[in-house]
Protein chains: 2
Amino acid sequence: MRTLCEDIKESDIGKEFTFKGWVMHYRDHGGLIFIDLRDYSGILQIVFDENIEGESFKSAKKLKNEYVVSVAGTVRKRPDGTENTGLKTGNIELLVKSVEILNICEVLPFQIDEETEVNEFTRLKYRYLDLRSKRLKDNLIFRSKFTHLIREFLNGKGFFDIETPFLTKSTPEGSRDFLVPSRLNKGRFFALPQSPQLFKQILMVSGFERYYQIVRCFRDEDLRADRQPEFTQLDMEMSFVETNDVISITEELFALIFQKLLGITVFRPFKILDYDEAMDKYGSDKPDTRFELIIHNLTDIFANSSLNVFKDNIQKGGVIKAICLPDGVNLLSRKDIDELLNTVKEFGAKGLAWTKIGENNLLEGGISKFISDEERNNLIAKTGAKNGDIILYQSDSKKIAENVLGRLRLHLAKKYNLIPEGRFDFLWVVNFPLFEYSEEEKKIVAVHHPFTSPSVKDLNELETDPLSVKSDSYDLVLNGEEIGGGSIRIHNPGLQEKIFKILSIPDEEAKIKFGFLSDALGFGAPPHGGIAFGIDRILMILRNEDSIRDVIAFPKTQKAYCPLTDAPSSVNETQIKELGIKLRETTVI
Amino acid sequence: MRTLCEDIKESDIGKEFTFKGWVMHYRDHGGLIFIDLRDYSGILQIVFDENIEGESFKSAKKLKNEYVVSVAGTVRKRPDGTENTGLKTGNIELLVKSVEILNICEVLPFQIDEETEVNEFTRLKYRYLDLRSKRLKDNLIFRSKFTHLIREFLNGKGFFDIETPFLTKSTPEGSRDFLVPSRLNKGRFFALPQSPQLFKQILMVSGFERYYQIVRCFRDEDLRADRQPEFTQLDMEMSFVETNDVISITEELFALIFQKLLGITVFRPFKILDYDEAMDKYGSDKPDTRFELIIHNLTDIFANSSLNVFKDNIQKGGVIKAICLPDGVNLLSRKDIDELLNTVKEFGAKGLAWTKIGENNLLEGGISKFISDEERNNLIAKTGAKNGDIILYQSDSKKIAENVLGRLRLHLAKKYNLIPEGRFDFLWVVNFPLFEYSEEEKKIVAVHHPFTSPSVKDLNELETDPLSVKSDSYDLVLNGEEIGGGSIRIHNPGLQEKIFKILSIPDEEAKIKFGFLSDALGFGAPPHGGIAFGIDRILMILRNEDSIRDVIAFPKTQKAYCPLTDAPSSVNETQIKELGIKLRETTVI
């Protein structure tokens, strides 16, 4: 019988046990050899004493780091002064009677748990070694507890875990699909799901009322730092609900997760911001509310500005918006301000106007001389600026000014450490526009997806002024990251058709792509809505990691490649031929 | 606030509630309209009374089956004599005060819950309607409870739920892979996993010791009745274990499932049969042990048979084996025996010899006259045959005789109802051969997969007589269906290489296909083993269904096609081009 390292306590002193695990920190002290034995529970110090058990001491001489061993012996107290308070078993150790080497280990390409710079490719190639590090091991164990807690909660709430297909049809999220050639139906392709959106709605029409799934989803994107071609989603859908029902059960779930897994009591209800207000105050639809630096709208104040740039912009329908950086005079040198100008230009700004607040609320530097006393008084009143602050202005279209200041806000917060450590700020952003105009596609597109329900109050404007229509949608933001999003869905087949028309989706295309959902809505679909959460992203935040790769067991590189298995890889010609496809001549392998 | 239909009890009589759900069984009785309201919890009878609530009665006139409604009213006792004892809420009903129609329903292509013959294609096309039937709904709810119970059990046992990739590399199960063309690495392909076998072994090398996952797997096979291109597996792996550890935790799991979900106490430990004995007595490596009809080996008895066919066959190294069908004289007419001959020929038999047992153990008919008294006495003693039984013989190679009689055994059991209803018979089959000779490939192949550990006792024969070597493997059989299988794995890289050599896998191929696992074994791999279970198959048995399609929410047809979504489907030329592939000219869309 084997015992786990961390199952041993001081009360076990004098008793005999067998442990199995990996050798760590082999130390040869002459007549004594010490190793730390590591199993999945933790670490226990093992002692081989030449004078007490000569045979096992001889065997111990052969041990090296990461050898796999079985050791039997007696638990004893560590000598006074040699305790390790950093270890759960730091007061005890095992004096070995017998040892068996279960497997050896070749020379390691890098040391476990060592934070030296080993390139990520090598770490991923030897992922099994990197996963032995405490940090990654703890991340994956946390992940297992995290998903199990979610399941326990949702099962307790009457949700059913229902599996949806992976070999399916293009989903309407709008990203590129991974395709799977069909051998039995040559010339046709399955798509791997970008989400189970259509299936979960079909399940509502089927009468399952409360569905969830923790499910892999796929997007063939040009990868950015925090994306993976496959990612895991907590997917939920409920019938006979409104926005508040979805919000309420989500908050209950996250409160439970934070309490049980982090020991943190989350304040409920979470803050709620209208999309319009989020854009206005934070220049983002996923504001980081852990710090202030709110964006102020100064358009009214500068309506008659003597600064032509401001005046002309306002007359063209533009806005003047600004951030007030407290103590900016001390934080920002003249050089810093010049650098900021370059930064905001990268964000799409034309320039960066600024003023310092001096004594007696007098403005200094930058565009100060163009600001009248009245404008100044209104400015101070509106922004709450005080002596030593710096105000940073954008004069541009609403969209650009908000976007630039939103990004500048994050930039300043990071640069000047305005974000409190260890704080978790939940925020709902609601009432997104239903549509937006895509300059790229030259047409109206859905902000979320075409199944999102318009707000009932805006239904009359649907055809006359679609861009003014809001949706029954909600995004959950944590520390400035969108961690989930959802909506109440359309359950009326007539309304669904109307939306397809506004989106200029031809009848034929709508029928081919989503026809089965439209059909289903005609057969007694209940009102329903749901939400989906990005599991990898959430875990990255909760584990305080910089990359989602650190919370995934076997992630791919940013080039969608797996150094461990060498996937994707070449396949033989027969396999390709059987699928009714061939490589293009221009494709280089 | 909405209440669920089956949350209402007689103690709620007189109270007011609101229910939401679907209209079933609309009955217009003049001044009274009755409907059954169905939500996911169950059914409640709803009454609209013209004399009490005229307005809602008028609305009720518009209702049809499968309309979605919200009804508010007062719970009352049903009049004496109108109770429905088949319903949990059969003593009460709701007298409606107000009703709101939430959605209508078009004319149904088939009636919900009606067992009339609607072809499966139509049922799958309108899967959302078929899923409203009590049978399928209950199957999926059972499935959700089933998987959750598994997770609770394994989490309680210290297992970690760790997700493995879907976009990966060919796995070694030997079936055909589904391939996914890579856009970012053109000319290369991902494979969808046939199982997470390699990854779970890598996780053991990583030190996670106890892994599980309920995971989708994929096989691009020519589909048979009980196969789907995607299926769900409970996948487990443990470190520092032997066969008995895996068997023990499996039995504990199934005992819990049967107790909690079926109310059945399973007898433990499960029966264990050696592979050799299973083949000998049941002619199958997955015997159905719910009934006897054991196969007897009569080769010794007929060593000097006067029947040339027997004698010649034995001299060539063949066997004489037989089944004794109790009361066969009454069960089998002469015509039935002729039909059986055709049946066994389909199974690959050359013929079918038989004898009846008459009074005083005298043999009658068939080959009786070729059987000596001594042979007869031995035959009776060995088979336990008695007056009225029929003995059915096969004289052939061991392999064919056992296979034919194994299938004949099942055929007879089904035809003559020898299988007791409602019985669940678990059986372990262990000690499979490590290798077998593939006539097709003209070489030695692995019976399970190349990572299966040989039995320690047979290690010396590995190179001299590989086909005699047994493996540390175990299959779990339930009612004659293989529901799971696994093995202790090789953790020694040298032994692993030796196995690849015996399997004539060239070094280069082994390196490309499994090199990362072989490498990993060299870096301190612990002894480990595991098992995987077919979730769909198990659910089919527990739910007493004939097809796994009835326990899957959105199954595909036997042609791997989804009538609901029309997947797989055509995709546009741009999508295909981006992947660096094109359709072959001969491929007809």
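For a test of the definition: using alpha carbon positions, the gyration tensor, and the 1.5 limit on a/c, classify region B:82-187 as rounded, prolate or oblate.
Prolate, because a/c is 1.5 or more and a/b exceeds b/c.
Using the Kirkwood radius over Cα pairs, work out the Stokes-Einstein diffusion coefficient for region B:386-495 at 37 °C and 0.692 mPa s, in µm²/s as a whole number.
Reported coefficient: 195 µm²/s.
Which distances, shortest first and in nm, link A:Lys382 to the matching position in the other copies, using label points set 7 Å out along Cα to C-beta?
10.4
For A:Glu152, project a label point 7 Å along Cα to C-beta. Then give me every residue of region A:541-565 with its amide nitrogen under 20 Å of that point.
A:542-543
For B:Asp49, go 7 angstrom from Cα along the Cα-to-Cβ vector, then report the distances to that same point in the other copies in nm, smallest first.
Taking the point 7 Å beyond Cα along Cα→Cβ, the inter-copy spacings are 9.0 nm.
Over all alpha-carbon pairs in region A:1-45, figure out the percentage whose distance exceeds 12 Å.
Counting pairs separated by more than 12 Å, the tail of P(r) holds 64 percent.
Using Cα positions and a limit of under 17 Å, work out the lysines in reach of A:Lys260, with same-chain residues fewer than 8 apart set aside.
Output for A:Lys260: A:Lys145.
On a C-alpha basis, how far is the centre of region B:568-584 from the centre of region A:382-421 in Å? Whole number, if you could?
Measuring centre to centre over Cα atoms gives 47 Å.
Which loop-located GluC sites (Glu not before Pro) does region A:432-491 contain, where loop means any DSSP state but H, G, I, E or B and the Cβ has at most 15 other Cβ atoms within 10 Å?
A:Glu439, A:Glu440, A:Glu441, A:Glu463
Considering Cα pairs under 8 angstrom that are at least six residues apart, work out the relative contact order of region B:404-474 and quote it in whole percent.
33 percent
Less than 11 Å from a label point 7 Å out along the Cα-to-Cβ axis of B:Ser468: which backbone N atoms in region B:480-514 qualify, by residue?
Correct set: none at all.
Counting other Cβ atoms within 10 Å, keep those with at most 12, restrict to DSSP loop, and tell me which trypsin sites (Lys or Arg not before Pro) in region B:1-110 are left.
Counting only loop positions with at most 12 other Cβ atoms within 10 Å, the trypsin sites (Lys or Arg not before Pro) in region B:1-110 are B:Lys9, B:Lys15, B:Lys62.
Once each part is reduced to its C-alpha centroid, what is the distance from region B:505-547 to region A:1-19 in angstrom?
Distance between centres, Cα-based: 33 Å.
Sort out for me the Cα centre separation of region A:293-372 from region B:214-272, rounded to whole Å.
First find each Cα centre; the distance between them is then 67 Å.
If I model a spin label as a point 7 Å beyond the Cα along the Cα-Cβ vector, how far apart are those points for B:Thr82 and A:Leu256 in nm?
For B:Thr82 paired with A:Leu256, the spin-label model returns 4.1 nm.
On a 28 Å Cα-Cα criterion, which of the cross-link pairs A:Lys457/A:Lys501; B:Lys513/B:Lys559; B:Lys200/B:Lys457; A:Lys350/A:Lys470; A:Lys97/B:Lys271; A:Lys511/B:Lys556 come out too long?
Those over the limit are B:Lys513/B:Lys559; A:Lys350/A:Lys470; A:Lys97/B:Lys271.
For q values of 0.18, 0.24, 0.28 Å⁻¹, compute log₁₀ I(q)/I(0) with the Debye formula on a Cα-only model of region B:87-145, without solvent.
-0.89, -1.04, -1.11
Calculate log10 I(q)/I(0) of region B:322-470 for q = 0.10 Å⁻¹, where I(q) comes from the Debye formula with a single equal point scatterer on each Cα and nothing for solvent.
-0.52
If I model a spin label at B:Ile264 and B:Val118 as a point 7 Å from the Cα along the Cα→Cβ vector, what separation in nanometres do I get?
Placing both labels 7 Å along Cα→Cβ, they lie 3.0 nm apart.
Rg and Dmax of region B:181-291 over Cα atoms: what are they, in angstrom?
18.6, 57
If you place +1 on the Cβ of every Lys and Arg, -1 on the Cβ of every Asp and Glu, and leave all else neutral, what size is the dipole of region B:110-231 about its Cα centre, to the nearest 20 Debye?
About 440 debye.
Hey, what did chain B get for relative contact order, percent, Cα under 8 Å, at least 6 apart?
Dividing the mean separation by the residue count of chain B yields 13 percent.
Say R0 is 25 Å: what FRET efficiency, to the nearest 0.05, do B:Lys345 and B:Lys443 get from their beta-carbon distance?
0.25
Evaluate the protein assembly as shown: find the radius of gyration of its Cα atoms, find its Kirkwood radius, and give the ratio Rg to Rh.
Ratio value, two decimals: 1.02.
Counting helices only, and only those DSSP H runs with n ≥ 4, report the 222 nm mean residue ellipticity of chain A as the sum of -39,500 (n - 2.57) divided by its residues, in deg cm²/dmol to the nearest 500.
Computed mean residue ellipticity for chain A: -8500 deg cm²/dmol.
State whether region A:27-79 is rounded, prolate or oblate according to the following rule on the C-alpha gyration tensor (a ≥ b ≥ c being the square roots of its eigenvalues): a/c under 1.5 gives rounded; otherwise a/b larger than b/c gives prolate, and the remaining case gives oblate.
The shape class here is oblate.
If r is the Cβ-Cβ distance from B:Lys311 to B:Asp373 and R0 is 22 Å, what FRET efficiency results, to the nearest 0.05?
0.80
Find how much the distance from A:Lys271 to A:His25 grows on full extension, using 0.36 nm per residue of separation minus their present alpha carbon separation; answer in nm with one decimal.
Here the segment from A:Lys271 to A:His25 would lengthen by 83.7 nm.
Sort chain B into rounded, prolate or oblate with this rule: let a ≥ b ≥ c be the square roots of the eigenvalues of the Cα gyration tensor; rounded if a/c is under 1.5, and if a/c is not under 1.5, prolate when a/b is larger than b/c, oblate otherwise.
The shape class here is oblate.
Could you check the spin-label model distance between A:Asn330 and B:Ser547? Points 7 Å from the Cα along Cα→Cβ, value in nm.
7.6 nm
Run through the other copies and list how far each one's label point is from that of A:Ile444, in nm with one decimal, shortest first; the point sits 7 Å from Cα along Cα-Cβ.
Between copies, matching label points for A:Ile444 lie 7.1 nm apart.
Work out the FRET efficiency for A:Asp338 and A:Arg224 from their Cβ-Cβ distance, taking R0 = 35 Å, and round it to the nearest 0.05.
Once the sixth-power term is evaluated, E becomes 0.75.
Throughout, read-outs are computed from the coordinates displayed, never taken from laboratory work. From a predicted model like this one, the values you see are computed outputs, not experimental measurements. FYI the Cβ positions are ideal-geometry reconstructions off the backbone, even for glycines, and counts take in every protein chain you see.
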